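Written out below as structure tokens is the structure these notes cover.
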Amino acid sequence: MNVARTKGFIRDEGLDLEVTDFGSGAKGLQALIGRNVDMTIGVYEHTIRMQAKGMDIRSVVLHSNAPGIAIAIPKGYAGFVLPRSGNALKHGLSAANSPGLIDSLYRGELKVILLNTDPTRPYHVHRGDRIAQLVIQKVEEVRWVEVDELDANDRGGGFGHSGR
């Protein structure tokens, strides 16, 4: 948000944004609960405890989790971050942008965007937990060709027309 504000994107869209640095997640969360702010970003391990005390918090989003692994995928390959099906089945935990694509030009630490789909049960990620899996796959280079019309087929109109 700060980058968008400093670059003028917020102003250019005619939006009014006030950014406040609360200095801690606890203070930001108190402002959110007190309806003094519309959103807050931070690390909130204590939010589940506050919910247990009766605070009306429906969802806490962990915007990324870095497992501490850096990679460099070779040219001609791509990495796909996938959720572990057991976590979805047992805990309601999934990778939010699955599959997450990592192209061969990316260099750096892996990050996994997690989503807890169970609003009644919190899930705590601990160091060493197996939260996702990485598949490395060869990818073909594609050359796009602009055409005036597409080949015909008997598939139908799309969006469910290929069968059940």
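Would you call GLY128 on the phi > 0 side of the Ramachandran plot and either of a type outside the set (Asp, Glu) or part of a strand (DSSP E or B) (or both)? Explain how you work it out, then say what you get.
Numbers: on the phi > 0 side of the Ramachandran plot: yes; either of a type outside the set (Asp, Glu) or part of a strand (DSSP E or B) (or both): yes.
Considered against the rule, which asks whether it is on the phi > 0 side of the Ramachandran plot and either of a type outside the set (Asp, Glu) or part of a strand (DSSP E or B) (or both), GLY128 comes out as yes.
When the residues of the range 90-105 are filtered to those that are surrounded by 14 or more Cβ atoms within 10 Å (Cβ to Cβ) and of a type in the set (A, V, I, L, M), which remaining residue is modelled with the highest pLDDT?
Taking the candidates together, the pick is ILE102.
Take the conditions surrounded by 15 or more Cβ atoms within 10 Å (Cβ to Cβ), out of contact with any Cys (no Cβ under 6 Å at 6 or more places or on another chain) and not polar (S, T, N, Q) and apply them to LEU114. Does it pass?
Yes, satisfied.
Count, please, the residues in the range 54-83 that happen to be in a loop (DSSP other than H, G, I, E, B), under 19 Å from the mean Cα position of the chain (by Cα) and modelled with pLDDT of 65 or more. First the steps, then the outcome.
Taking the range 54-83 as the starting set, the residues that turn out to be in a loop (DSSP other than H, G, I, E, B) are 54-64, 66-69, 73-76.
From the residues that got through so far, the ones that are under 19 Å from the mean Cα position of the chain (by Cα) too are 58-64, 66-69.
From the residues that got through so far, the ones that are modelled with pLDDT of 65 or more too are 68-69.
So the answer is 2.
Report every pair of residues separated by at least 6 positions or lying on different chains whose Cβ atoms are under 8 Å apart, first residue within the range 113-130 and under 9 Å from GLY92 (Cβ atoms) and in contact (Cβ under 8 Å) with a residue 60 or more places away in the chain, second assigned to a loop (DSSP other than H, G, I, E, B) and not charged (D, E, K, R).
Final answer for the pair search is PRO119/SER59.
Going through GLY86, GLY108 one at a time, which residue ends up being surrounded by fewer than 15 Cβ atoms within 10 Å (Cβ to Cβ), modelled with pLDDT of 80 or more and assigned to a helix (DSSP H, G or I)?
Checking each option against the conditions leaves just GLY86.
The values are calculated or read from the model by the stated rules, or taken from the named source; none is laboratory data. All values reported here derive from a predicted model rather than from experimental measurement. Note that each Cβ is placed from the backbone with ideal geometry, even for glycine, and that neighbours are counted across all protein chains shown.
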